[in-house]
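Q: Once you've had a glance at the structure underneath, I'll fire off some questions.
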Amino acid sequence: MRSSLTSANRAGWAFALPGIVLILAFIITPFFLGVGFSLTNQRLISPNATRFVGLENYREMLNIAVVDLQAKTDSAGKTVTDADGQAEFPRLRSITRNPDTPQYHGMQEWFRWVSGDTAHVVIASDVVFWKALLNTCIFVLMVAPIQAAIALGLALLINQKLRGITIFRTIYFMPVVVSIVVVSLLWRFIYSGQNGLLNNMLSFLSFAHFQPVDWLGNPHTALGAIITMSIWQAVGFHMVIWLSGLQTIPPTLYEAAAIEGSSKWQTFRYVTWPGLRHTAVLVLIVITMQAFAIFAQIDVMTKGGPLDSTQTLVFQAVQRGYGMQNIAGGSAISVILFLIVLVISMIQRWLTRER
Amino acid sequence: MADIKLRGLRKSYGAHEVIRGVDIDIADGEFCVFVGPSGCGKSTLLRMIAGLEDISGGTLEIDGERVNDVQPRERGVAMVFQSYAIFPHMSVRENMAFGLTISGASKAEKAEKVQRAAEILQMEHLLDRRPSQLSGGQRQRVAIGRAITRNPSVFLFDEPLSNLDAALRMDMRMQIGKLHKQLGATMIYVTHDQVEAMTLADKIVVLRDGLVMQSGSPMELYHNPANRFVAGFLGAPSMNFLEVEVLEADSENAKVARHSMDPIVVPVRGRKFAPGDTALLGLRPQYVTPSTPDEGVLHGQVSLVERLGSETVVDLAMEDGTSLIAAFSEDKQFERGERIDLAFDPARTHLFHPDE
């Protein structure tokens, strides 16, 4: 027996067809292709046939270790120090090129910390990947709470019946509808080291005591600059989501609270915030996913530099796949990103579940 | 405990005035019901007393103090809303203790007051439930419980039973009546349901278009309506108004007649009529009785019969085309299309000017 879904709804399926085809072509197929490519040595253009390599791409990328270097000692057994009085350590290649430790072969230093006469060096086969992963995590950890909080603050401010309040809504929402590429270009001018708006403003406000900073050219400030600009750009979008959540709270609840003698803070604590529970889950998950996918800002503003200080996973995936023609490597990064986002979303859902 | 005085109270939204000078005195411990059709301003008036709406003019006194500009929480009032307005994420216990929680009451005090309120409302077994697990009537009891725990001097009810089904409404109506007796607090109750008004009130205030039409005890309003609006609003089915011509009139009585109705003498109840005036004869459906063709005053054809069990309501089409509603308590059978004759006691009628 055929169900009504397949027999009577031919027109319905016909209407859905274009959408289904597009989703299949641009979302579902690439997803599986990506997983497939990540298990091969697929290149963008190559005379050689593609080979199945199993999890080699992942192993190469995730391979990380901590090795200890003992400080050099002189013949008397005393630590050799340099001109600054710091202990001197043997070069890392004494391990990574040592035939006795083939497992560290070809690995490079990511960072190190020194305790006494021992230097602990974190080495990885694919340092750029790890930097990209770390930067992406920092980006998400900064953007998600700050953007959500500012968006909620703005939503609370504009959720009032005031003359001209729509002007403020429009102003806050405007960056969202401007292309991120355009926004990034504009902010490059703002952050410019020579005559950027930000340097000029800080200089003016500090009576010319502020020393100009090349915000995007300095490894210490570049990621922070991009984080700030990204928060500003999308805050209006989340403000609108919060606003819609605020407006689902029945006004009589506020009136009841007012009659019971609730202060502004108590009203927020007991009425507004519990009423925003579902919105909060949505906003957090959406921001987290968007933040993990950061690409355009990096591509336009820094291209991952300086010194890989703004490398991110998606930027690396694109650079690897198309810049270096390493489709397999780019796919592997994409799959890892997918798994990270999946796990985090599930954890968030679990933490904010209905109890 | 507190008495409430409204003096020339006004409220306008821009140029539109919705409360147009209202004077009401509510005594300490009185149960006062504001009643009127939708849009008459009764809810606005209640919200002005609660402090949820600003007062545009006049004065509002609670317990002898002018409170026009006092915050809602400092007026000593508690309010029960039509939509219950209980907090969905809190248990019944937390909801009822809400006012105490935000004023920083101790745990012991909260527990004691919630327990007392729950006993009064017979809902001790519901305290740990969530609002989503409660029926409409139970939710409304939670809202009333939240009002009780704060021990306010004035209770405000804004159509609290309108969202409940008929059986529950009657049950809750009785509970609210008992609650008033038990607590002895001043209560103001807004409704469009005249049964609630008649059964609960010590004093009914009938409102229309932002003005008080009449205020007084339920029976006073029922038997001596000040105008045609009050006469038509209270009582179900509502009063019939028959157009009549005044033949003779003095300060006590008037002799009136209409097409196909013999002249009768009715009381004028303080109104002044002159011979030749057109007037409206108000006749409650319950005061009309079946009669014989010789003795009957009104004659017509039955166009609709509604049997309610205790009462039979008949819609009568009279010879000149006007219709008349009659309600008979005895179990008499009427058929559609049947010709019947009716009589009434002229002393129980009201005579109004047509433009009242």
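The values are calculated or read from the model by the stated rules, or taken from the named source; none is laboratory data. Note that this is a predicted model, so its numbers are computed, not measured. Ideal geometry is used to build each Cβ from the backbone, glycine not excepted, and the neighbour counts take in all protein chains shown.
Q: Among the strands (runs of 3 or more DSSP E) lying completely within segment B:1-116, list those that include at least 1 residues that are surrounded by 15 or more Cβ atoms within 10 Å (Cβ to Cβ), assigned by TED's automatic domain parsing to the domain that holds residue B:145 and on the phi > 0 side of the Ramachandran plot. Break it down stepwise before answering.
A: Numbers: elements: B:4-13, B:16-26, B:31-35, B:57-62, B:77-80.
It comes to B:16-26, B:57-62.
Q: While we're on this one: Consider segment B:317-341. How many of its residues are in contact (Cβ under 8 Å) with a residue 40 or more places away in the chain and of a type in the set (Asp, Glu)?
A: The qualifying residues number 3.
Q: Within segment A:94-102, does at least one residue satisfy the condition of being closer than 30 Å to residue A:293 by Cα and not assigned by TED's automatic domain parsing to the domain that holds residue A:309? First the steps, then the outcome.
A: Applying the first criterion (closer than 30 Å to residue A:293 by Cα) to segment A:94-102 yields none.
Checked against the condition, which is being closer than 30 Å to residue A:293 by Cα and not assigned by TED's automatic domain parsing to the domain that holds residue A:309, segment A:94-102 yields no hits at all.
Q: Taking the residues in segment A:300-325 that are within 28 Å of residue A:46 (Cα to Cα) and among the polar types (S, T, N, Q) as candidates, determine which candidate is modelled with the lowest pLDDT.
A: A:325
Q: Just the residues that are among the charged types (D, E, K, R) and in contact with a Ser or Thr (Cβ under 8 Å, 6 or more places away or on another chain), please, taken from segment B:291-313.
A: Going through segment B:291-313, the residues among the charged types (D, E, K, R) turn out to be B:294-295, B:306-307, B:311.
Scanning segment B:291-313 gives B:306, B:311.
Q: Still on this structure, I have one more. Quick one: how many residues across segment B:294-332 are small (Gly, Ala, Ser), assigned to a loop (DSSP other than H, G, I, E, B) and under 15 Å from residue B:240 (Cα atoms)? Spell out the reasoning first.
A: Start the filter on segment B:294-332 by keeping residues that are small (Gly, Ala, Ser), which leaves B:296, B:300, B:303, B:309-310, B:317, B:321, B:323, B:326-327, B:329.
Still in the running and assigned to a loop (DSSP other than H, G, I, E, B): B:296, B:309-310, B:321, B:329.
Those still in the list that are under 15 Å from residue B:240 (Cα atoms) too: B:321.
So the answer is 1.
Q: Exactly one of (1) within 30 Å of residue B:148 (Cβ to Cβ); (2) away from chain B (no Cβ under 14 Å) is unmet by residue A:209. Its number?
A: (1)
Q: Hey, another quick one. Considering each residue of segment B:285-336, count those that are within 32 Å of the chain's Cα centre (by Cα), closer than 15 Å to residue B:261 by Cα and charged (D, E, K, R), and give that number.
A: Total satisfying the criteria: 0.
Q: Would you check if there is a residue in segment B:14-26 being modelled with pLDDT under 90 and under 30 Å from residue A:266 (Cβ atoms)?
A: no
Q: Moving to a separate point now. Can you name the residue in segment B:170-210 that is acidic (Asp, Glu) and closer than 17 Å to residue B:30 by Cβ and is also modelled with the lowest pLDDT among such residues? Talk me through it step by step, then tell me what you get.
A: Applying the first criterion (acidic (Asp, Glu)) to segment B:170-210 yields B:171, B:193, B:196, B:202, B:209.
After this cut, where a residue has to be closer than 17 Å to residue B:30 by Cβ as well, the list is B:196, B:202.
On the way: B:196: 89, B:202: 92.
Taking the candidates together, the pick is B:196.
Q: Considering only segment A:170-212, state which residues are modelled with pLDDT under 85, out of contact with any Ser or Thr (no Cβ under 6 Å at 6 or more places or on another chain) and in a loop (DSSP other than H, G, I, E, B).
A: Matches in segment A:170-212: A:192, A:193, A:194, A:195, A:196, A:206, A:207, A:208, A:209, A:211, A:212.
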